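Asker: Quick one: the structure is below, questions incoming.
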Amino acid sequence: MSQVLPAAGSVLQRSVAAPGSQPQPQPQPQSPEDDDRKVRRREKNRVAAQRSRKKQTQKADKLHEEYECLEQENTVLRREIGKLTEELKHLSEALKEHEKTCPLLLCPMNFMPVPRPDPVAGCLPR
């Protein structure tokens, strides 16, 4: 006994397909104009993709250069902070040594309040 298989595209074969899926249309033969259009579109897309990649690369390069400049500036500023910290330490030590022997600070008369009309003069040592 021979078994008959349904023909391609038959009702039975379509009902076996996934529910809700549409049968795929058969591709139509393309005309030379369609082929030319497709080739032009692909070429245009390829050029646009190259431009986009080049732009991304340039942006990344610019960001890297900016990063390098900021790193150098940061290094210079850190060195300056170190130098200024050392200078502050040195000047603070010098001031402490000076306060031990300063005649203005050792004289008891300098600690007596004296009215001064000039507000700036009030900030000066007595």
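The values are calculated or read from the model by the stated rules, or taken from the named source; none is laboratory data. All of these numbers come straight from a predicted model, not from anything done at the bench. So basically every Cβ, Gly included, is an ideal-geometry build from the backbone, and we count neighbours across all protein chains shown. Accessible surface areas use protein heavy atoms only, side chains included; no ligands, DNA or RNA. Shrake-Rupley method; radii C 1.70, N 1.55, O 1.52, S 1.80 Å.
Asker: In square angstrom, rounded to the nearest 10, how much accessible surface does Cys69 have for a 1.4 Å probe?
Answerer: The accessible area of Cys69 comes to roughly 80 Å².
Asker: Return the sequence-ordered ³J(HN,Hα) values of the stretch 50-65 in whole Hz as given by the Karplus equation 6.51 cos²θ - 1.76 cosθ + 1.60 applied to θ = phi - 60°, using x for Gly and Pro.
Answerer: Running phi through 6.51 cos²θ - 1.76 cosθ + 1.60 with θ = phi - 60° gives 4, 4, 5, 5, 5, 4, 4, 5, 5, 5, 5, 4, 5, 4, 5, 4 Hz.
Asker: Checking the cross-link filter: which lysines have an alpha carbon closer than 21 Å to that of Lys89, excluding same-chain neighbours under 8 positions apart?
Answerer: Hits, sequence-local ones excluded: Lys100.
Asker: If I model a spin label at Gln58 and Lys100 as a point 7 Å from the Cα along the Cα→Cβ vector, what separation in nanometres do I get?
Answerer: Computed distance between label sites Gln58 and Lys100 equals 6.7 nm.
Asker: Still on this structure, I have one more. What's the local net charge at Asp34, with K and R +1, D and E -1, over the other residues with C-beta under 14 Å away?
Answerer: Values: positive: Arg37, Lys38, Arg40, Arg41, Arg42; negative: Glu33, Asp35, Asp36.
Net local charge, Asp34 excluded: +2.
Asker: Taking K and R as +1 and D and E as -1, what net charge do the other residues with C-beta under 12 Å from the C-beta of Lys55 add up to? Kindly include the intermediate steps, with their values, before the conclusion.
Answerer: On the way: positive: Arg51, Arg53, Lys54, Lys59, Lys62; negative: Asp61.
Taking every other residue near Lys55 into account, the sum is +4.
Asker: Students sometimes get this wrong: rank Arg42, Arg53 by accessible area, probe 1.4 Å, all chains present, largest first.
Answerer: Per-residue accessible area, sorted high to low, gives Arg42, Arg53.
Asker: Along the stretch 32-47, what does the Karplus equation 6.51 cos²θ - 1.76 cosθ + 1.60 (θ = phi - 60°) give for ³J(HN,Hα), rounded to whole Hz, x for Gly and Pro?
Answerer: Karplus-based 3J(HN,Hα) across the stretch 32-47 equals x, 5, 5, 4, 4, 4, 5, 5, 4, 5, 5, 5, 4, 5, 4, 5 Hz.
Asker: Cross-link candidates for Lys62: which lysines have Cα within less than 20 Å, leaving aside residues fewer than 8 places away along the same chain?
Answerer: The qualifying lysines are Lys54.
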